[in-house]
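The values are calculated or read from the model by the stated rules, or taken from the named source; none is laboratory data. Bear in mind the structure is a predicted one, so any value in this text is a computation, not a measurement. Here Cβ is always computed from backbone atoms with ideal geometry, including for glycine, and neighbour counts include all displayed protein chains.
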């Protein structure tokens, strides 16, 4: 799934209404929206394609979005913990070195 497809999926999950999704994603009509995904991937509440039409994501797209979100959160949290550990370790080493120099100066 591309970044743009993920973005459109977020709009679909959030807004549901076809006209809002088309405006937010800057897509001209529902056919172009369908072409952004594999054909017939998206489900529509009716065939009128008007302001009341709702768009639904099929289970495989929802699953793919959830997997990406879980992966993204996992990577970000891992990096934050690693950076925090590096900073904390560096500060601890600097403090230890400064204490060692202070002890050496007193002797």
Complete set of residues in the range 36-58 that are within 18 Å of residue 23 (Cα to Cα), surrounded by 12 or more Cβ atoms within 10 Å (Cβ to Cβ) and out of contact with any strand residue (DSSP E or B) (no Cβ under 8 Å at 6 or more places or on another chain): 36, 37, 49
State whether one or more residues within the range 72-83 are closer than 30 Å to residue 17 by Cα and either modelled with pLDDT of 95 or more or exposed (fewer than 13 other Cβ atoms within 10 Å of the Cβ) (or both). yes
What number goes with the only condition from (1) under 17 Å from residue 1 (Cα atoms); (2) under 14 Å from the mean Cα position of the chain (by Cα) that residue 75 does not pass? (1)
Please go through the range 2-31 and pick out each residue that is on the phi > 0 side of the Ramachandran plot and in contact with a helix residue (DSSP H, G or I) (Cβ under 8 Å, 6 or more places away or on another chain). none
Any idea how many residues of the range 51-66 are part of a loop (DSSP other than H, G, I, E, B), modelled with pLDDT of 90 or more and more than 17 Å from residue 2 (Cα to Cα)? 2
Scope the range 3-37; condition in a loop (DSSP other than H, G, I, E, B) and closer than 14 Å to residue 57 by Cβ; matching residues: 16, 36, 37
Taking residue 46, is it in contact (Cβ under 8 Å) with a residue 24 or more places away in the chain, outside any helix (DSSP H, G or I), farther than 19 Å from residue 3 by Cβ and out of contact with any helix residue (DSSP H, G or I) (no Cβ under 6 Å at 6 or more places or on another chain)? no
